[in-house]
1. Taking amide H positions as placed 1.01 Å from N in the peptide plane, with prolines and chain starts having none, which residues 5 or more places from THR56, or on another chain, fall under 5 Å of its amide H?
2. What length, rounded to one decimal in nm, is gained on full extension from CYS171 through to ASP211, with 0.36 nm per residue of separation minus their alpha-carbon distance?
3. I need the phi-derived Karplus couplings for the range 97-109: 6.51 cos²θ - 1.76 cosθ + 1.60, θ = phi - 60°, integer Hz, Gly and Pro marked x.
4. Using label points projected 7 Å from each Cα along Cα→Cβ, tell me how many nm separate LYS4 and ALA67, to one decimal.
5. So what is the relative contact order of the range 20-81, in percent, for Cα pairs below 8 Å that sit 6 or more residues apart?
6. Return the Cα extents of the chain along principal axes one, two and three, sorted largest first, each rounded to a whole Å.
7. Between VAL55, VAL22, VAL177, which gets the highest mean-square fluctuation from a Gaussian network model of the chain, Cα cutoff 10 Å?
8. Rounded to the nearest 500, what is the chain's calculated 222 nm mean residue ellipticity when only DSSP H runs of at least 4 contribute -39500 (n - 2.57) each, over all residues?
Amino acid sequence: MSLKDKTVVVLGATGNVGAAVVEFFDKEGALVFGTSRSKEKFDQVRKEYGWSDAVTYVDSDFSSDEAAAESAKKIMDATDGKLLYVVNNIGFATVGKSALEATSEDILSLTTNEFLPSHRASREFIKVLGDKDGATVTISSGGFGHGLQPGMSKLYGGSIKNVMLINSVSCFNSAIVDDGLKVSVSSACIWFGVSRKGEEKNQFGFPSDTDSGEKLASAFATLAVGKKAGEVVDLKSVEVAVEVGKEYE
């Protein structure tokens, strides 16, 4: 199945992962809509990654239940009801503290500001896509959700957020089956650093393949077209992401 002429929204389109996904989907001929916290940032990243003029910015707000429901409906309307695939890359998670240092307030802030917007977005798009054959929601998560190795203790916040994201996949799919919906949810669980295009380190300062985003994006394509429906796909290396991406091809 191809992305050509399919309508996609990438939530969090200007992050390291989101920008690469938009670039790949755009080149594959998808009709891509993207969200960002800043239109100025969106336009800057458009130039950086060379997105075509066909990539469309859409304003959104997932800071509350009401705003999330309105945003999902607004984006569906902007696509003339043709939206089929959602890639949810919302949120940035690190409190910069270890499990011994993070306070209850730190974790509450992380949950409120990073996990909940992502959760609301997935939930509301599942609702608007519910009865569409082949519709998917792909959630970006991370290997930190499976635990941290020595030297990574300061990424405790990222681990907590990703635990919740990974768990949400089975919870959403359980509700989808119980409610008789057709949409499916999966997650690309990324275990490696993803840098900006041409850079060698990610936002945490970890080494990264300079074209890791491009290679990762093909794996997101596989998930978006439904070839891993209902799964949490562990992308433990760039090489694994490439292999998963071949299933799209």
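The values are calculated or read from the model by the stated rules, or taken from the named source; none is laboratory data. Every value quoted in this text rests on a predicted model; they were computed, and no experiment measured them. All Cβ positions, even for glycine, are placed from backbone atoms using ideal geometry, and neighbour counts span all protein chains on display. Note: accessible area is taken over every heavy atom of the protein model, side chains too, but ligands, DNA and RNA are not part of it. Shrake-Rupley method; radii C 1.70, N 1.55, O 1.52, S 1.80 Å.
1. Under 5 Å from the amide H of THR56: VAL32, PHE33, GLY34.
2. 11.1 nm
3. 9, 7, 5, 7, 9, 5, 8, 4, 5, 4, 5, 5, 5
4. 4.0
5. Once divided by the residue count of the range 20-81, the mean separation gives 30 percent.
6. 49, 39, 35
7. Residue with maximal mean-square fluctuation among VAL55, VAL22, VAL177: VAL177.
8. Mean residue ellipticity, 222 nm, calculated: -13000 deg cm²/dmol.
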